[in-house]
Amino acid sequence: MLTLGDILDLGSRKAAPGPRGHPILGSLPAARRDPIRLFTQCFREYGDVVRFRFGPVIAHLISSPAGVNHILAENNKNYGKQTRGYAALRYVLGNGLLTSEGDFWKRQRRIAQPAFHRQRIGGFASAMVRAAEDCARTLSQKRGQTVDVHHEMMRLTLRIVGETLLGYDPSHDADDVGDALAHLLHIVNERTTRVLFFARPVLPTPENRRLRRAVSALDRIVLRIIAERRQTRGDDLLSMLMEARDADTGEAMDDRQLRDEAMTIFLAGHETTANALAWTWLLLSRYPAALRELREELSQVLGGRSPTADDLPRLKFTRMLLEESMRLYPPAWIIARSASGADEIGGYSIPAGSIVFVAPYVVHRHPKYWSDPEGFDPHRFEKEPPRGAYFPFGGGPRQCIGNGFAMMEAQLVLATMAQRVKFELVPGHPVEPEPSITLRPKFGLLMQSAGSPVAGAR
Ligand code: HEM
């Protein structure tokens with residue numbers, strides 16, 4: 001919200017160009033209707049710094065790589081997470097790694113970091129491959145039938161994150177967890193673009209009752225996992241969090257904090273990777289030459305066996321394919337921050353208390369930094385992308401802690417599965433990205449499991 005001081009201050013500096021929108025609501029109705037379209041069109045029309053008004057709130061979309069770097073890294077201290085989206089997420093995730101801030105966040109990040117070190121996550125490779133083999137087996141038995149590939153990827157990544165980081169096998173309630181999380185994300189996203197915003201479900205409306213029920217259902221599951229872990233410690237992330245002690249007070253985390261961290265890992269650790277994989281299967285069905293090249297690489301490097309972590313450096317095309325897929329369909333398609341102090345970006349004024357957005361979806365298509373931005377070409381990743389022009393995992397100190405985990409998982413899943421199955425989109429099935437908190441296929445991804453395995457693959 002703008003103060004009088006900010007308005008006076010704004011008068012003395014240059015305001016960025018942007019759409020006028022509705023006299024009272026500004027661009028809020030357009031953002032509710034189709035935020036991707038709003039941001040993409042305004043970037044094309046107004047450039048690297050666009051000023052919006054959403055009701056009384058001023059927001060800027062920043063799309064130059066230097067501006068992205070300024071917000072996420074160089075001047076990150078000025079750009080916190082006091083935004084609507086994060087406020088609504090806090091109701092579900094509490095004060096976990098994704099939503100917390102300041103010294104508290106720093107401490108939690110320090111404790112969790114070792115669980116994501118390269119060597120440590122290398123140890124998860126066999127669990128990832130086993131889960132992918134099971135998924136491929138189930139789907140190849142359904143050859144000729146229609147499956148929702150997005151749903152299958154959600155189940156798969158939920159199992160992987162559950163087994164490796166939380167020491168939990170979600171196979172018996174995977175659908176409950178998946179459905180509740182998807183439902184929560186949907187409601188959280190819906191609320192952030194309403195005129196009247198409540199981060200918490202204050203009124204006893206049917207939607208609020210559903211929201212509370214979904215949170216309690218997840219709470220029950222997560223608290224059960226924590227109780228089980230207290231009985232038998234493992235060497236997973238949850239056990240590490242349980243064993244951590246505050247350097248000053250010697251205190252351990254209580255069940256509430258453990259719940260918040262576990263819920264965060266559940267959500268952040270499976271939704272995004274599942275979307276990345278689902279979009280990749282779609283692209284492979286649209287571009288048969290890419291599928292051929294992928295299968296040739298898998299045949300050469302693996303010859304029909306499943307991959308291990310040691311194979312990853314040689315699975316170059318597999319990696320580039322995922323990178324290109326996340327360029328076109330970045331699972332975290334937009335990142336929001338609130339400016340605590342006034343700032344200037346690209347010569348334009350950013351008032352204190354206003355919101356800034358950086359959108360991988362927009363910057364990954366910036367014509368100054370990407371040739372043929374809408375085209376699909378995995379080989380463009382043979383060269384390093386320009387700094388700040390590619391950031392599917394965010395940047396600066398709040399960069400995704402699961403970056404290495406996710407890339408390894410996606411590469412192993414794709415390398416395992418693409419040797420055994422392939423998918424064709426069901427004719428006429430609509431494909432539309434739904435820009436919720438993550439970018440998911442709006443109507444699922446109905447595909448037919450088809451085709452024969454590569455030579456030697458079982
Ligand atoms: C393709 C997969 C993934 C993508 C695209 C992705 C993307 C992101 C992005 C963009 C952020 C930064 C958000 C911001 O700055 O506001 C983030 C943060 C985070 N991600 Fe991921 N992520 C992925 C997978 C994972 C996985 C597998 C895990 C855990 C196992 C994970 C856990 C987290 C956590 C805990 C944070 C908060 C980190 C912090 O603030 O310290 N993510 N992710």
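The values are calculated or read from the model by the stated rules, or taken from the named source; none is laboratory data. Everything numeric here is computed off the predicted structure, so don't read it as measured data. Quick reminder, even Gly has a Cβ in these numbers, built from the backbone with ideal geometry, and neighbours come from all protein chains shown.
Quick notes
- Sole residue being assigned to a helix (DSSP H, G or I) and either farther than 15 Å from Ala406 by Cβ or away from the ligand (no atom under 16 Å from the Cβ) (or both), chosen from Arg143, Arg137: Arg137
- Checked against (1) in contact (Cβ under 8 Å) with a residue 60 or more places away in the chain; (2) part of a helix (DSSP H, G or I); (3) buried (at least 20 other Cβ atoms within 10 Å of the Cβ), Gln113 meets all criteria but (3).
- Helices (runs of 4 or more DSSP H) wholly inside region 232-332 containing at least 1 residues that are surrounded by 21 or more Cβ atoms within 10 Å (Cβ to Cβ) and within 16 Å of the ligand (Cβ to nearest atom): 237-243, 255-268, 271-286, 316-328
- In region 47-83, the qualifying residues are those that are modelled with pLDDT under 95 and part of a loop (DSSP other than H, G, I, E, B), and the one that is surrounded by the fewest Cβ atoms within 10 Å (Cβ to Cβ) is Pro56.
- Failed condition for Ser349, given (1) part of a strand (DSSP E or B); (2) within 13 Å of the ligand (Cβ to nearest atom): (2)
- Subset of region 91-106 that is part of a helix (DSSP H, G or I) and more than 11 Å from the ligand (Cβ to nearest atom) - its residue that is farthest from Asn208 (Cα to Cα): Asp103
- Any hit, region 141-163, residues being modelled with pLDDT under 80 and of a type in the set (Val, Ile, Thr): no
- Yes/no for Ile24 being modelled with pLDDT of 90 or more and surrounded by 21 or more Cβ atoms within 10 Å (Cβ to Cβ): no
- Among the residues listed as Gln411, Gln419, the single one being crowded, with 18+ Cβ neighbours inside 10 Å, not aliphatic (A, V, I, L, M) and not in a helix (DSSP H, G or I): Gln419
- Arg143 vs. criteria among the charged types (D, E, K, R), touching a Ser or Thr at 6+ places or on another chain (Cβ under 8 Å) and either in contact (Cβ under 8 Å) with a residue 40 or more places away in the chain or within 21 Å of Asp169 (Cα to Cα) (or both): yes
- Ala418 vs. criteria at pLDDT 95 or above, of a type in the set (Gly, Ala, Ser) and more than 16 Å from the ligand (Cβ to nearest atom): yes
- Gly396 vs. criteria under 26 Å from Leu98 (Cα atoms), touching a residue at least 40 places away in the same chain (Cβ under 8 Å) and of a type outside the set (A, V, I, L, M, F, W, C): yes
- When each of Arg365, Arg380, Arg398, Arg387 is tested for being of a type in the set (D, E, K, R) and within 11 Å of the ligand (Cβ to nearest atom), the lone residue that passes is Arg398.
- Within region 254-273, residues that are free of Cβ contacts under 8 Å to residues at least 24 places away in the same chain reach no partner that is aliphatic (A, V, I, L, M) and in a helix (DSSP H, G or I) with beta carbons closer than 6 Å at six or more positions or on different chains.
- Sole exception among (1) modelled with pLDDT under 95; (2) closer than 19 Å to Phe376 by Cα; (3) of a type outside the set (Lys, Arg) for Pro330, by number: (1)
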